[in-house]
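S.K.: Pasting a structure below so you can have a look.
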Amino acid sequence: MASEKIRLGVIGANISVGWAHRSHLPALLASPEFELTAVCTTKRESSEESAAKFGARMAFHDHNEMLASPEIDAVAVVVRVPNHYDLTRDVLNAGKHVYTEWPLGATLDEAKELAELARSKGLQAMVGLQARAAPAMLYMKELVESGYVGEVMSCHVSLIRGGVLERTSGRTWQRDDSLGATTLTIACGHTIDALRFVVGDFSDVSTVVSTQAPQWYETDTQRMVDVTAPDNILVSGKLDNGGVASVHVAVVPMSDSGLRMEIYGREGTLVADSDDSPQLGDVRLRGAKTGDAGLQDLEIPSRHVYVLEGMPKGAPYNVGQMYYQFGQAIKSGTPCEPNFDTAVELHRFLDAIRESSDQGRQAAVPSA
């Protein structure tokens, strides 16, 4: 395995729907550690279409048949959140290493069960929190830890994304909060995890979790559908290191402003901004130390770039960064990061955010 390519299968490899064709599949084609051996969708026609487009040797429309193949070393689960638990459990029980997209499960209990199963099987289990592999976030974390800003006193992150209020019926399933794919779990989950990755964990939070648009219009059925999923999340709290932090993540009907993350310390300031979530695309990083005239662009050191020059920019890039780490963990036997235990910690934190909002009071953030 040390010198051979890792043979990987992708569940959810539709070429026109979902996340895989926009990120995982092009990233894998540019990742020398992996061979895209198999693709799997729910229909024979779409799996064969995907195999032809991306050059996979095998196509399946039954994931159990793919998992039974001795030619598969590892599997990526890139499907809708409600299916993460069952499919990931099947992958682990088949003895394959797994990379499952975030959120790991629809609930904390599902995530905890999968983390324990992966541990008991001795398998590498990576979760798709790609901001932790973004070069700018890696460098921002390094600068904070090396004392660039000194003692962290306060920080703020906002992500305001566009969210259409009219959708086809095939895209309105995310209106159901119980299915686990909402602004709280996905946009806020990725963004607040990036902040935690850079500056450390929260100790307690006071929050508002709100659904400002309680209905969406289905364009094909021409009806209004009720929405229970939140679309605005506000968090204020204290960090374990003594600093204070605020977060606002929202989807709005028009004129979104993207990402801005600000870290203020006794000796310096760091600011990261992007057009979208920190895991999705290029992030600009600026900094200033005491005595500087103002914020200056910071060049990202090459040590934080793991992929080759051929890795496509945009959505595939940080996924490619993750695949490099996944491949290194499989070949070396050292635990991958971020793993399913990382996912459990974030699920716990998001539950604390919801608890604080539901109860209208400050909530402690459970430790691992």
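The values are calculated or read from the model by the stated rules, or taken from the named source; none is laboratory data. Everything quoted here is computed from the prediction, not taken from an experiment. Heads up, the Cβs are rebuilt from the backbone with ideal geometry, glycines too, and the neighbour counts pull from every protein chain shown.
S.K.: Collect the residues in the stretch 295-309 that are surrounded by fewer than 11 Cβ atoms within 10 Å (Cβ to Cβ), at pLDDT 95 or above and in a loop (DSSP other than H, G, I, E, B), keeping them in residue-number order.
M.R.: If the condition is that a residue be surrounded by fewer than 11 Cβ atoms within 10 Å (Cβ to Cβ), at pLDDT 95 or above and in a loop (DSSP other than H, G, I, E, B), then Glu299 is the only one that fits.
S.K.: Taking the condition at pLDDT 95 or above, β-branched (Val, Ile, Thr) and part of a loop (DSSP other than H, G, I, E, B), does Ile353 pass?
M.R.: no
S.K.: Then there is this: So Ala56 fits all but one of (1) touching a helix residue (DSSP H, G or I) at 6+ places or on another chain (Cβ under 8 Å); (2) part of a loop (DSSP other than H, G, I, E, B); (3) among the small types (Gly, Ala, Ser); (4) touching a residue at least 60 places away in the same chain (Cβ under 8 Å); what number is the exception?
M.R.: Of everything listed in (1) touching a helix residue (DSSP H, G or I) at 6+ places or on another chain (Cβ under 8 Å); (2) part of a loop (DSSP other than H, G, I, E, B); (3) among the small types (Gly, Ala, Ser); (4) touching a residue at least 60 places away in the same chain (Cβ under 8 Å), Ala56 misses just condition (4).
S.K.: Scan Val152, Val164 and give me the residue that is in contact (Cβ under 8 Å) with a residue 24 or more places away in the chain, closer than 21 Å to Phe349 by Cβ and not small (Gly, Ala, Ser).
M.R.: Being in contact (Cβ under 8 Å) with a residue 24 or more places away in the chain, closer than 21 Å to Phe349 by Cβ and not small (Gly, Ala, Ser) holds for just one of Val152, Val164, which is Val152.
S.K.: Further question on the same structure: Is it the case that the stretch 328-335 has a residue that's touching a strand residue (DSSP E or B) at 6+ places or on another chain (Cβ under 6 Å) and not acidic (Asp, Glu)?
M.R.: yes
S.K.: Same structure again: Select from the stretch 318-362 the residues that are surrounded by 20 or more Cβ atoms within 10 Å (Cβ to Cβ), assigned by TED's automatic domain parsing to the domain that holds Ile186 and farther than 22 Å from Val81 by Cβ and list them in ascending order.
M.R.: Ser356
S.K.: Separate question: So, in the stretch 85-111, exactly how many residues are closer than 17 Å to Met322 by Cβ and either outside the structural domain of Asp62 (by TED's automatic domain parsing) or in a helix (DSSP H, G or I) (or both)?
M.R.: 2
S.K.: List every residue pair whose Cβ atoms lie under 7 Å apart, where the two residues are 6 or more positions apart in sequence or sit on different chains, the first residue falls within the stretch 20-39 and is within 15 Å of Ala59 (Cβ to Cβ) and not assigned by TED's automatic domain parsing to the domain that holds Ala52, and the second residue, located anywhere, is polar (S, T, N, Q) and not in a strand (DSSP E or B).
M.R.: Cβ pairs passing all conditions: none.
S.K.: Moving on. So, Arg260, is that one touching a Ser or Thr at 6+ places or on another chain (Cβ under 7 Å), surrounded by fewer than 18 Cβ atoms within 10 Å (Cβ to Cβ) and not assigned by TED's automatic domain parsing to the domain that holds Ala27 or not?
M.R.: In short, yes.
S.K.: Right, another one. Of everything in the stretch 139-160, what is surrounded by fewer than 21 Cβ atoms within 10 Å (Cβ to Cβ) and out of contact with any Phe, Trp or Tyr (no Cβ under 7 Å at 6 or more places or on another chain)? Give them in sequence order.
M.R.: Those that are surrounded by fewer than 21 Cβ atoms within 10 Å (Cβ to Cβ) and out of contact with any Phe, Trp or Tyr (no Cβ under 7 Å at 6 or more places or on another chain): Glu142, Leu143, Glu145, Ser146, Gly147, Tyr148, Gly150, Glu151, His156, Ser158, Ile160.
S.K.: Right, next: Hey, could you check the stretch 224-257 for residues that are more than 30 Å from Pro366 (Cα to Cα) and touching a helix residue (DSSP H, G or I) at 6+ places or on another chain (Cβ under 9 Å) and say which is surrounded by the fewest Cβ atoms within 10 Å (Cβ to Cβ)?
M.R.: Asp226
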